[in-house]
Amino acid sequence: MKAARIVAVLAALFSVPALAQPQEATGRDLCADRPGLGTPACTVEPGHMVFEVGLGDWTRASDAQTRTDTVEAGDMLLRVGLTDDLEAQWGWTAYGHVRTRDRLGGAVDRMDGVGDMTVALRRNLHNPDGSGFSVALMPYASLPVGGQAIGAGDWGAGLLLPVSFDLGHGLSLGLTPEVDAAVDEDGDGRHLAFGSVIGLDVALGDTLSATIETSLMRDDDPGDHETQALSGLALAWQPSDAMQFDIGVAIGLNSASPDSEVYLGLARRF
């Protein structure tokens with residue numbers, strides 16, 4: 001199976017002894033984009049990079065006519081520190097499988113393929129290490145290099161404004177408002193989408209943290225205007241200054257949202 005081979009290769013990469021050695025301290029805590037629905041305001045220090053990968057992601061969506069299961073593996077993100085408060089990002093999903101079943105007739109349709117590429121810049125405006133009050137601007141663009149299964153079919157773009165507040169006592173509040181030129185569902189053209197994520201990060205110890213989040217996104221697709229609402233819970237474990245493992249779940253709060261999503265992944269700083 002393609003997904004299993006991709007996961008095996010990625011696991012081997014991150015278990016190579018040379019990469020498993022403790023990294024020289026960078027002066028900043030590892031601040032990964034993963035896990036969760038929101039986006040952090042922190043940036044990677046210059047001279048370093050962070051490689052993040054979703055090892056597995058399963059999303060289920062259903063309505064009166066169909067049930068759709070989407071499985072992705074190798075959802076990769078490379079973050080490179082350019083200056084003290086600026087980083088560049090490149091993202092790509094190596095494999096996606098979509099299974100759609102007609103709930104009335106029982107017919108099943110399957111598609112496989114790769115995802116689109118995303119490029120972004122994150123410019124931190126205050127506290128690039130994410131401490132205290134931190135805020136950033138993050139413009140991005142998606143390039144239609146993916147296949148029919150999980151590719152959007154056209155280019156898209158958007159702007160995020162990640163914000164975080166250190167509340168003390170191991171608590172941190174995060175906000176991620178965004179506005180997008182999202183690709184139309186038919187894969188031709190763009191429309192307005194906007195919304196935000198709000199989350200609370202809770203330190204459960206020196207190496208373990210939990211994130212509780214809610215997101216609300218308005219999507220004005222020409223074919224179907226809708227508002228998606230999700231609630232998520234994620235756990236992140238950092239066994240070293242340079243490595244993080246995570247697992248998370250998201251639940252749809254209304255009929256316009258996917259029913260559920262389960263994912264796991266990791267992040268590594270170099």
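What follows is calculated from the coordinates using simple rules that are stated; it is not laboratory data. Nothing here was measured: the structure is a model prediction, and the numbers come from that model. In this analysis, Cβ positions are derived from the backbone assuming ideal geometry, glycine residues included, and neighbour counts consider all displayed protein chains.
Tabulated results
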{"quantity": "Sequence ranges 57-64, 144-151, ranked by mean other-Cβ count within 10 angstrom, highest first", "calculated": "144-151, 57-64"}
{"quantity": "Check: the chain dipole with +1 on Lys, Arg Cβ and -1 on Asp, Glu Cβ, in debye", "calculated": "680 debye"}
{"quantity": "Per-residue HN-Hα couplings for segment 149-165 [Karplus 6.51, -1.76, 1.60; θ = phi - 60°; Hz; x = Gly/Pro]", "calculated": "5, 10, x, 7, x, 7, 7, x, 7, x, 9, 10, 10, x, 9, 9, 10"}
{"quantity": "Burial order of peptide ranges 155-163, 98-106 (average beta-carbon count within 10 Å, highest first)", "calculated": "155-163, 98-106"}
{"quantity": "Estimated vicinal HN-Hα couplings, Hz - segment 103-110 in sequence order (Karplus 6.51, -1.76, 1.60; Gly, Pro = x)", "calculated": "6, 8, x, x, 5, 10, 10, 10"}
{"quantity": "Choice from Gln89, Gln65, Gln238 showing the highest fluctuation, given a GNM over the chain with Cα pairs closer than 10 Å", "calculated": "Gln65"}
{"quantity": "Packing rank of 206-218, 116-128, 35-47, where each peptide gets the mean count of other beta carbons within 10 Å, highest leading", "calculated": "35-47, 116-128, 206-218"}
{"quantity": "Cut-off under 5 Å, modelled amide H: who pairs with Ala152 long-range", "calculated": "Asp116, Gly146"}
{"quantity": "Principal-axis tilt of helix 2-15 within the chain, Cα atoms, nearest 10 degrees", "calculated": "0 degrees"}
{"quantity": "Under Karplus coefficients 6.51, -1.76 and 1.60, residue-wise ³J(HN,Hα) of segment 219-224 in Hz, glycine/proline x", "calculated": "10, 9, 4, x, x, 6"}
{"quantity": "Cα-Cα P(r), the chain, percent of pairs per 10 Å interval", "calculated": "7, 27, 39, 21, 6, 1"}
{"quantity": "Calculated [θ] (222 nm, deg cm²/dmol) that DSSP helices of n ≥ 4 give over the chain, each run adding -39,500 (n - 2.57)", "calculated": "-2000 deg cm²/dmol"}
{"quantity": "Only Lys, Arg (+1) and Asp, Glu (-1) charged, at Cβ; segment 115-210 dipole about Cα centre in debye", "calculated": "320 debye"}
